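Participant: My structure is below; once you've seen it, I'll send some questions.
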Amino acid sequence: MMVAGPSVARRIELAVDIGKRHRHWETAVVELADIIGSGLHVSEAVPAAFGLFACCPNSAVDAIISGVNIGNDTDTVRHHGRGDFRRIPWAWRLFPPII
């Protein structure tokens, strides 16, 4: 089935790849904002949150701070980042299947 708009799943994969390339969220937010975006739409906010989580897999605080500092719709990105971090089991954070 064809859906109008970008694939959220593919954008999550791209955002995770971007997040993994950066050691610090300060540099990750720049590339994520430029390529993925950080707006209200699900095709931006959710992938951006996953990208920030991939950059900060062991620190909920850093994931939240990066979401606040990414720009545009920061409260939505931060909310997804905080929620996603809490919902992913600890073992997956250490050896994540997609992140």
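Participant: All other residues with a Cβ under 15 Å from the Cβ of ASP34 taken together, and with Lys, Arg as +1 and Asp, Glu as -1, what is their net charge?
Facilitator: -2
Participant: Show me, for region 38-47, the HN-Hα J-couplings you get by feeding each phi into the Karplus relation (A = 6.51, B = -1.76, C = 1.60, θ = phi - 60°), rounded to Hz, glycine and proline as x.
Facilitator: 9, x, 6, 4, 4, 6, 10, 5, 5, x
Participant: Can you give the FRET efficiency to the nearest 0.05 for ASN69 and ARG23, using r as the Cβ-Cβ distance and R₀ = 22 Å?
Facilitator: 0.85
Participant: Please work out how much length the chain gains when fully extended from ASN58 to LEU40, using 0.36 nm per residue of separation minus the C-alpha to C-alpha distance, in nm with one decimal.
Facilitator: Working it through step by step, the gained length comes to 3.9 nm.
Since every read-out is calculated from the coordinates, none of them should be taken as a lab result. The structure presented is a predicted model; accordingly, all values stated were derived computationally and were not measured. Don't worry about glycine lacking a Cβ; one is built from the backbone with ideal geometry, like all the others, and counts go over all protein chains shown.
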